[in-house]
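The values are calculated or read from the model by the stated rules, or taken from the named source; none is laboratory data. Remember, predicted model here, so these are calculated numbers, not experimental data. Methodologically, a virtual Cβ is constructed for each residue, glycine included, from the backbone with ideal geometry; neighbour enumeration extends over all protein chains shown. Note: areas computed on protein heavy atoms with side chains; ligands, DNA, RNA excluded. Shrake-Rupley method; radii C 1.70, N 1.55, O 1.52, S 1.80 Å.
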Amino acid sequence: MARLKQGDVLEVLLDNNKNKGYIVYLAKSNPFNYKLFGLCAVIPSVAGYGVEEIAKKTWLSTIMIFEDNKWKKIGNIKIGSNFEWPDFYESVIDTKNKFRIYHWGDGNKEKVIRIVEGKDKIGNAQPGSVFYPEAALIYYREKLREAFLYKMHEDASDIKKELEKEMAFSGLYGEVYSYTKDLIKVNKDEIVKKVKCVYQSELLFPDTALQFYMGVLKAQLEEHCVDNEVVRSYQQLVNQEKEYLNKEEWLSEQVQKLNNELKKFNR
């Protein structure tokens with residue numbers, strides 16, 4: 001896909017019946033280059049919509065997405081000069097029902113606004129995760145369903161489980177993996193040092209440090225350039241955080257997959 005410009009409209013296939021939805025590129029954050037998209041409030045159909053029709057639609061939600069190169073750009077619409085980044089929310093580490101509401105201003109600097117208890121208190125804040133393509137489509141379908149614009153054939157509980165799994169990889173583990181992968185494609189030198197500069201604060205706590213090294217290791221394994229320092233730190237944190245992993249079923253599954261890949265790599 002060619003480089004996106006603000007207002008570019010992407011057509012996406014929402015299901016196996018080829019019903020179409022539309023997302024619009026709004027802005028990019030620094031220094032991570034995360035892209036913010038608006039999810040259009042349309043009634044999905046096989047025929048689809050034209051750019052002129054999309055321009056009249058509102059957003060169901062605005063989320064950050066690692067877009068799929070297969071998504072089709074169909075045109076561009078004007079984004080008003082009054083555009084502002086939304087507030088975001090994410091779970092507070094080691095708590096069950098607390099959420100951190102924060103704002104990126106113009107997309108450059110994070111500012112924590114408040115901590116709330118209960119998801120019903122997050123207001124208009126948007127998910128702070130960066131969604132991978134499949135997670136973004138699941139979330140989009142759910143938002144369409146909530147707005148009574150789309151009748152899904154999937155069971156609601158199955159959708160929730162699927163979304164939780166996809167969003168798990170849209171968290172820190174997935175972010176570090178994607179960032180590292182992009183760096184490796186440009187230059188394989190001093191990868192760990194470069195990634196640490198960006199995610200330094202995540203290394204302060206063992207659970208987030210584990211996800212950091214998991215992300216780096218996954219990217220390095222795929223690009224066949226594994227760093228011994230990364231392997232040592234990863235294995236040390238896996239042993240140290242066994243109790244944490246016992247609580248995090250999905251993450252524990254990813255650790256097992258990484259361990260299997262490491263065995264293959266070391267043969």
Between Lys78 and Asn17, what is the spin-label point distance in nm, taking each point 7 Å from the Cα along the Cα→C-beta axis? 3.6
Simple spin-label estimate for Val186 and Trp250 in nanometres, 7 Å along Cα-Cβ: 2.9
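Taking a ≥ b ≥ c as the square roots of the eigenvalues of the Cα gyration tensor of the range 46-87, is the shape rounded (a/c under 1.5), prolate (a/b larger than b/c) or oblate? List each step's numbers first, then the result.
Details: a/c = 1.89, a/b = 1.22, b/c = 1.55.
Oblate is the answer for the range 46-87, as a/c is 1.5 or above yet b/c matches or exceeds a/b.
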Could you let me know the centre-to-centre spacing of the range 203-267 and the range 19-58, using Cα atoms, in angstrom? 35
Assigned charges on the beta-carbon of Lys, Arg, Asp, Glu; the chain dipole about Cα centre (debye): 520
Carbon and sulfur atoms account, in whole percent of the 1.4 Å probe accessible area of the range 194-267, for 44
Given a 1.4 Å probe, how much area per residue of the chain is accessible, in Å²? 57
In degrees, nearest 10, the alpha-carbon axis of helix 133-146 is tilted away from the dominant principal axis of the alpha carbons of the chain by 40
Among the listed pairs Lys18/Lys73; Lys98/Lys119; Lys20/Lys56; Lys5/Lys181, which are separated by more than 19 Å between their Cα atoms? Lys5/Lys181
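Rounded, prolate or oblate: pick one for the range 218-264, where a ≥ b ≥ c are the square roots of the eigenvalues of its C-alpha gyration tensor, a/c under 1.5 means rounded, and failing that, prolate if a/b is larger than b/c, else oblate. Could the numbers behind the result be given before it?
Working: a/c = 2.68, a/b = 1.59, b/c = 1.69.
Judged from the Cα gyration tensor, the range 218-264 comes out oblate (a/c at least 1.5, b/c at or above a/b).
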On the full set of protein chains, 1.4 Å probe, figure out the accessible area of Ser252 and give it in Å² to the nearest 10. 50
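Under the 0.36 nm per residue contour assumption, what length would be gained going from the current alpha-carbon distance of Thr58 and Phe265 to full extension?
Numbers: separation 207, 0.36 × 207 = 74.52 nm, distance 4.84 nm.
Full extension from Thr58 to Phe265 adds 69.7 nm.
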Looking only at Lys28, Lys188, Lys73, which one moves most when the chain is put into a Gaussian network model with springs between Cα atoms under 10 Å? Lys188
